[in-house]
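We did not get these values from a lab; they are worked out from the coordinates using the rules stated. Keep in mind that this is a model prediction, so the values were computed, not measured. As a convention, Cβ positions derive from the backbone with ideal geometry for all residues, glycine included, and neighbour counts pool all protein chains shown.
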Amino acid sequence: MSEASSRDPSRVWYAAYGSNTHAERLACYLAGGRPPGAARTFPGGRDPRPPERSVALVLPGQVYFATESPVWGGGRAFYDAAADGTAWGVAHLLTVGQFSDIAAQEMYRAPGADLDLTEVRATGRCSLGTGRYETLVCSGVLDGLPVLTFTAPWPMPEGGGEGGEEDGGLRPPSAAYLRHVAAGLHGAGAWRPAEVAAYLAGCPGAAGHWTPEAVAALSVPTAPTGPPGPPSRCRPDPRRS
């Protein structure tokens, strides 16, 4: 990849940390459809092509499970970039249009318009509303391109405590949801199944409700079969003010 193409402003990395780590589940946002175990059919976006690349990614912060998912039942994943810890995910290389259409569907909006990423690139955070996935976050850059995701406006409950629906009250995820997240993380090629199971079982919301053994028993990964390679890490965005 050339230096010029790696800095193409029309392409971004989407840092998926929940069920969109799973390629088949992500495809429902891009091309439309209903993932196995879900209660919602997604319309898809303007560009149904799969990501140009997908790589395992480690981010600063914490993934936690909270609120009640109408798609999967149980808690859904959120990302608190300011929390202590390390978050695992999968970075998908997409066009801005593809990222925008995925974000719109997560926000229960109609896809079809590109997001203005100026503020999130400049400050690292941008609110598009008060909804559960209406806050954009830029965690840095990878290969010269911004690493973006979306999450809730509230921080992770301090001490991992229970809270209300409106402030991210922790809630254990369903088996169907965890199965997709676990398969997606393992498929990224950086972590062994036992490592993925231990990581997810330790995330706030799942901790105390799911054990590593129970997460590992949800599915038997079929790929990759080789030894894991190191995950990617983004670096600070030089445009950040």
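Worth a mention:
- Fewest-first sequence of 54, 174 by Cβ atoms within 10 Å of each Cβ: 174, 54
- Amide H partners (placed H, <5 Å) of residue 190, local residues excluded: 229
- Taking other Cβ atoms within 10 Å as a rough exposure proxy, 10, 219, 100 sort from fewest to most as 10, 219, 100.
- Computed label-point distance, nm, for sites residue 194 and residue 10 using a 7 Å Cα→Cβ extension: 4.7 nm
- Cα-centred dipole magnitude for region 35-115, charges only on beta-carbon of K, R (+1) and D, E (-1), debye, nearest 20: 240 debye
- Beta bridges assigned by DSSP with both partners in region 3-227 are antiparallel in approximately 95 percent of cases.
- Among 209, 186, a tally of other beta-carbon atoms within 10 Å of each Cβ gives an order, fewest to most, of 209, 186.
- Sparsely packed trypsin sites (Lys or Arg not before Pro) within region 35-122, loop by DSSP, other Cβ within 10 Å at most 14: 40, 46, 53
- Span from the region 116-141 Cα centroid across to the region 195-215 one, whole angstrom: 28 Å
- Derived scalar couplings ³J(HN,Hα) [region 48-60; Karplus, 6.51 cos²θ - 1.76 cosθ + 1.60; whole Hz; x for Gly, Pro]: x, 5, x, x, 5, 8, 9, 9, 5, 9, 10, 10, x
- Mean Cβ count within 10 Å, highest first, over the residues of peptides 30-39, 195-204: 195-204, 30-39
- Estimated inter-spin distance, residue 84 and residue 31, nm [label 7 Å along Cα→Cβ]: 4.5 nm
- Rounded to whole numbers, the Karplus 3J(HN,Hα) couplings from phi for region 74-87 are x, x, 10, 7, 10, 10, 10, 5, 8, 6, 5, x, 9, 9 Hz, using 6.51 cos²θ - 1.76 cosθ + 1.60 with θ = phi - 60°, and x at Gly and Pro.
- A simple packing score, the average count of other Cβ atoms within 10 Å per residue, orders the peptides 89-95, 129-135, 69-75 as 89-95, 69-75, 129-135, with the highest score first.
- Think of each Lys and Arg Cβ as +1 and each Asp and Glu Cβ as -1; about the Cα centre, that makes the dipole of the chain roughly 520 debye.
- In the chain, helical runs assigned H by DSSP with n ≥ 4 each contribute -39500 (n - 2.57); averaged across all residues and rounded to the nearest 500, the mean residue ellipticity at 222 nm is -6500 deg cm²/dmol.
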